[in-house]
1. Based on this model, can you work out whether Pro40 counts as open to solvent by 30 Å² or more (accessible area, probe 1.4 Å) and not in a helix (DSSP H, G or I)?
2. hydroxyl-bearing (Ser, Thr, Tyr), within 16 Å of the ligand (Cβ to nearest atom) and either more than 29 Å from Val346 (Cα to Cα) or in contact (Cβ under 8 Å) with a residue 40 or more places away in the chain (or both): does that describe Thr5?
3. Cβ contacts < 8 Å: first residue touching a residue at least 24 places away in the same chain (Cβ under 8 Å), restricted to the range 25-36; second residue in a strand (DSSP E or B) and of a type in the set (Lys, Arg), any location; separation 6+ or different chain. Result?
4. All but one of (1) open to solvent by less than 70 Å² (accessible area, probe 1.4 Å); (2) under 28 Å from Thr374 (Cβ atoms) hold for Leu12; which doesn't?
5. Does the range 258-292 hold any residues that are open to solvent by 60 Å² or more (accessible area, probe 1.4 Å) and touching a Leu at 6+ places or on another chain (Cβ under 6 Å), and which are they?
6. If we keep just the residues of the range 242-257 that are open to solvent by 50 Å² or more (accessible area, probe 1.4 Å) and part of a helix (DSSP H, G or I), which is nearest to Leu51 (Cα to Cα)?
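The values are calculated or read from the model by the stated rules, or taken from the named source; none is laboratory data. Just so we're clear, the structure is a prediction, and the values are computed from it rather than from any experiment. Note: ideal-geometry Cβ built from the backbone for every residue, glycine included; neighbour counts use all protein chains shown. Each accessible area value is taken on the protein alone, full model and side chains, heavy atoms only, with ligands, DNA and RNA left out. Shrake-Rupley method; radii C 1.70, N 1.55, O 1.52, S 1.80 Å.
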Amino acid sequence: MTKFTSSHTPKLYNLPTSIFTIMSKLAAKHNAINISQGFPDFDTDPVLVELVADAMRSGYNQYAPMAGIYSLRAAICQKIELLYGANYLPESEVTITSGATEAIYSTISAFVSAGEEVIVIKPAYDCYEPAILANGGIPVFVQLNNIDFKMDWAEFRSKITQKTRMVIINTPHNPSGTIFSQADMLHLQDALKGTNIILLSDEAYEHIVFDGLSHESVAKYPELVSRSVICASFGKTFHTTGWKMGYCVAPKALMKEIQKIHEFNVFSVSHPMQRALTEYLKTPDNYLALHSFFQKKRDLFLEGIQGSRFTYKPSLGTYFQLLNYTQITDESDVALAKRLTIDHGVASIPISVFNTDQLDHKLLRFCFAKKDETIKRATEILNKF
Ligand code: GLN
């Protein structure tokens, strides 16, 4: 093929391949236990699979409406009202998207213009910045400390300028496994008061919070709701990351703009899956039992590494656990993640790639959304390391 030449630099020319792609590929190549990328290695509920098959057999095989089928949007609004107290209108304030990632991209794309700033809390999940950059926006970082990953709200306030268009938060937080408290949410509410900054809240792990703590959804804070877009994931909640199903909710005026991006990018998402999810949501236990299911897996993982020299704070949410390896080696986290995969057969995610200036705090992220036997096999190896 002849080489394409152009005097223009493509928008994301310098963007590296995502660490999830790199580590999952490396794990496959070396036949390592893949507890890097966040997805379950066990199957979803056969009841849910059967509901999709039913929907297909019933003829729901053509386009769903652009925003998603009404019954699913209504079920989402009902769930939010029940859990967090906010009232969203199914007809104008919900969109079913291709995963939370599309919801996040569509939101950033709808509102962030060239030269506008977006505050991003680091370490940050890797889909925010490319979306900001692709739209000409400027990411402005607030780096969390590496001990307890607590937000410094004074620092956060100091990053707000006339050009701040949006703030992105993520609780439960990937990759640190920390969560925002009620006090955090009130600090945030106060910091944004009197501005017209849009808040994008990535709540993909809303149902995975441990130790009796509660998820502080933006939907619990009426003052925040009016300026916010909440993005959520069916993939993380129902063990169906491969379906790429998610949604976002926002006040009508914001949602109208998000839908303009969604409509002309994907138009609408899988119809039979929307039918199935509508039915499945009728049993609240399908999501309310999730935290205890994953807490057992977190505990199994932590028990498994008791004999190791890794140090940690137990994850409070998400299905990720960070381990600190300063007592074992001083090599970089990227080098160690690769060596663990190639030489020891366990793949993880190095945290520096999510930090400002690739700050390396000697932390690796492990996904415990795995069969118990997978967790045991992995922790046996980590224990000996
Ligand atoms: N959300 C998953 C994680 O954090 C990865 C998804 C992806 O690979 N894009 O590991």
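1. no
2. no
3. That search, which allows pairs on different chains as well, returns Ser36/Arg365.
4. Unmet condition: (2).
5. Of everything in the range 258-292, just one residue is open to solvent by 60 Å² or more (accessible area, probe 1.4 Å) and touching a Leu at 6+ places or on another chain (Cβ under 6 Å), namely Glu279.
6. By that ranking, first place goes to Trp243.
Residue-by-condition table, conditions (1) touching a Gly at 6+ places or on another chain (Cβ under 7 Å); (2) within 16 Å of the ligand (Cβ to nearest atom); (3) not aliphatic (A, V, I, L, M):
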residue: Leu186; (1), (2), (3): no, no, no
residue: Ile208; (1), (2), (3): yes, yes, no
residue: Gly212; (1), (2), (3): no, no, yes
residue: Ser228; (1), (2), (3): no, no, yes
residue: Met245; (1), (2), (3): yes, yes, no
residue: Ile258; (1), (2), (3): no, no, no
residue: Ile261; (1), (2), (3): no, no, no
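To keep it simple, each residue is scored yes or no on (1) within 16 Å of the ligand (Cβ to nearest atom); (2) farther than 24 Å from Leu290 by Cβ.
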residue	(1), (2)
Trp153	no, yes
Asn174	yes, no
Gln182	no, no
Pro222	no, yes
Ser233	yes, no
